[in-house]
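Read through the structure below, which is laid out as structure tokens, and then see the notes.
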Amino acid sequence: MIVKPVLDAEMLSEWDALDKESQTPFLKDTVQLFFSTGYETVSQLQLELERGNLSRFKFLAHRLKGSCLNLGFLRTADYCAALEAMELLPGNAHETCANIQSTLKEAALQIETDFPRLAGLTI
């Protein structure tokens, strides 16, 4: 797998510009919601992995991948795609879930650095 950037900074810049034009906190609210549900989804992925529920596991991976792509979380989306495509191999899946959590934290730090208006997200 080619390692992509953590974030698509150009996409987030476009969202940020729209936010500034409309003078709404839409992007901050959306990113905040993404983080709160993203971590919860990773926990659900791990639970379904333990249960051996492949269809629910793949559904959750697909849903999280879509959310990531909508906001430009490129590396996390790639990890989700890998989960969605794999058969349930617990070792690989656990490692990939850990990578998702790690890249979510990296994304949060990069957002706070590159987009000061979004500072103060509860991660």
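Some points to look at:
- Taking residues in region 8-26 that are within 20 Å of residue 76 (Cα to Cα), and partners anywhere that are charged (D, E, K, R) and open to solvent by less than 80 Å² (accessible area, probe 1.4 Å), the pairs with Cβ atoms closer than 8 Å and at least 6 places apart or on different chains are 9/114; 12/114.
- Residue that is nearest to the chain's Cα centre (by Cα), among those in region 42-61 that are free of Cβ contacts under 8 Å to residues at least 24 places away in the same chain and within 17 Å of residue 103 (Cβ to Cβ): 61
- The residue that is nearest to residue 84 (Cα to Cα), among those in region 32-41 that are open to solvent by 20 Å² or more (accessible area, probe 1.4 Å) and in contact (Cβ under 8 Å) with a residue 60 or more places away in the chain, is 39.
- Of the residues 78, 16, 8, 29, the single one that is among the acidic types (Asp, Glu), out of contact with any helix residue (DSSP H, G or I) (no Cβ under 7 Å at 6 or more places or on another chain) and open to solvent by less than 50 Å² (accessible area, probe 1.4 Å) is 78.
- Residue within region 66-74 that is under 11 Å from residue 45 (Cβ atoms), at pLDDT 90 or above and open to solvent by less than 40 Å² (accessible area, probe 1.4 Å) present: no
The values are calculated or read from the model by the stated rules, or taken from the named source; none is laboratory data. In this text the structure is predicted, and so the values were computed from the model without any measurement. Please note: Cβ atoms are built from the backbone with ideal geometry, for glycine as well, and neighbour counts cover all protein chains shown. Side chains are part of the model used for accessible areas, which takes the heavy atoms of the whole protein and leaves out ligands, DNA and RNA. Shrake-Rupley method; radii C 1.70, N 1.55, O 1.52, S 1.80 Å.
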